[in-house]
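Visitor: Structure incoming, see below.
The values are calculated or read from the model by the stated rules, or taken from the named source; none is laboratory data. None of the values given here were measured: they were computed from a predicted structure. Virtual Cβ from ideal backbone geometry, glycine too; neighbours counted across all protein chains shown. SASA here: full protein model, heavy atoms, side chains in, ligands and nucleic acids out. Shrake-Rupley method; radii C 1.70, N 1.55, O 1.52, S 1.80 Å.
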Amino acid sequence: MLNSFSLWAPGLETKDDWYAWLEGGKDIGDSAESPKIGFASPIVTRRFSQLTKMTCWMTHRLKLDTDILFFTSARGEIDIQYKINMAFARDNALTPALFTLSVFNTAPAEATILLGSKVPYSPVYSGFDNVIRNLVTVGCAPLKSGRLKSAMLVYAEERIPEEYRGNLTGPFLPPMCIGLKVSGENAADDFPAEALEGQRAFVEYLLKNKADLWLE
């Protein structure tokens with residue numbers, strides 16, 4: 001079963017904001033704005049990307065007390081990857097500090113470190129078309145088998161650098177973060193097939209059908 005969920009995107013922070021978006025009254029901001037993660041030192045988080053900050057904020061809001069954390073993103077740390085490419089093109093050298101923050105598991109790894117959590121995490125790379133479907137399917141699989149009792153599922157996408165926008169492979173995806181906690185062997189049954197078709201369909205399903213489980 002779905003126990004709780006929350007959403008965040010630039011310009012959409014509260015439940016009312018998201019319902020305004022659902023009704024066409026607000027848009028997701030096309031910006032690199034990140035949620036405020038005041039529970040962590042700025043010295044630690046100053047190099048974090050928008051993607052990692054969203055993930056850290058979401059795991060903190062939902063409370064990372066599940067048996068496992070699953071994380072997914074269609075493009076991952078694309079802004080830091082861009083900075084690495086630019087530095088390499090300019091200096092013919094890689095920056096270790098940037099490289100260590102560019103890998104696909106950066107966001108869930110930093111989240112568990114910041115929260116002092118020993119919960120294991122597993123990044124799920126799914127590409128563009130099935131990113132939500134695969135997150136839910138993979139995240140609920142150990143629950144269905146009975147191996148684990150609960151899981152946190154986090155999807156995050158960050159703002160695409162302007163320099164990449166003219167040559168995008170795959171769809172344009174706005175910056176946003178979706179987090180949910182699930183438990184029980186039948187957790188996947190909470191999500192009909194049409195809700196898993198994409199990011200927007202999933203968010204709409206949560207807001208329209210599971211609003212009472214929103215965790216502020």
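Visitor: Please list Glu13, Glu110, Glu157 in order of solvent-accessible area, largest first, computed with a 1.4 Å probe with all protein chains present.
Guide: Per-residue accessible area, sorted high to low, gives Glu13, Glu110, Glu157.
Visitor: State the extension gain, in nm to one decimal, for the chain segment bounded by Met1 and Ala20, taking 0.36 nm per residue of separation less the distance between their alpha-carbons.
Guide: 4.2 nm
Visitor: Now for a different question. Once you have the Cα-Cα distance between Glu33 and Arg46, take 0.36 nm times their residue separation minus that, and quote the gain in nm to one decimal.
Guide: Result for the pair: 3.4 nm of gain on full extension.
Visitor: Among DSSP bridges having both ends in the chain, what percentage is antiparallel? Round to the nearest 5.
Guide: Approximately 60 percent, going by the DSSP bridge assignments.
Visitor: Could I ask something else about it? Spelling out what I want: for every residue of the range 9-23, take phi, set θ = phi - 60°, compute 6.51 cos²θ - 1.76 cosθ + 1.60 (Karplus), and round to whole Hz; glycine and proline get x.
Guide: Per-residue couplings from phi come out as 7, x, x, 10, 10, 9, 4, 4, 4, 5, 5, 5, 4, 4, 8 Hz.
Visitor: Once you put a point 7 Å from the Cα of Glu163 and another 7 Å from the Cα of Arg200, both along the Cβ direction, what distance in nm separates them?
Guide: Result: 3.0 nm between the two label points.
Visitor: Could I ask something else about it? By per-residue mean of other Cβ atoms within 10 Å, what is the highest-first order of 119-126, 53-60? Walk me through the intermediate numbers first.
Guide: Details: 119-126: 16.2, 53-60: 26.6.
Taking the mean over residues of other Cβ atoms within 10 Å, the ranking is 53-60, 119-126.
Visitor: Further question: Probe radius 1.4 Å, ligands and nucleic acids ignored: give me the carbon and sulfur share of the accessible area of the chain as a rounded percent.
Guide: Summing carbon and sulfur atoms, their accessible area is 52 percent of the total for the chain.
Visitor: According to a simple spin-label model (label point 7 Å from Cα along Cα-to-Cβ), what is the distance in nm between Trp214 and Asn186?
Guide: Output for this residue pair reads 2.7 nm.
Visitor: Over the chain, average the accessible area per residue using a 1.4 Å probe and give it in Å², no decimals.
Guide: On a per-residue basis, 47 Å².
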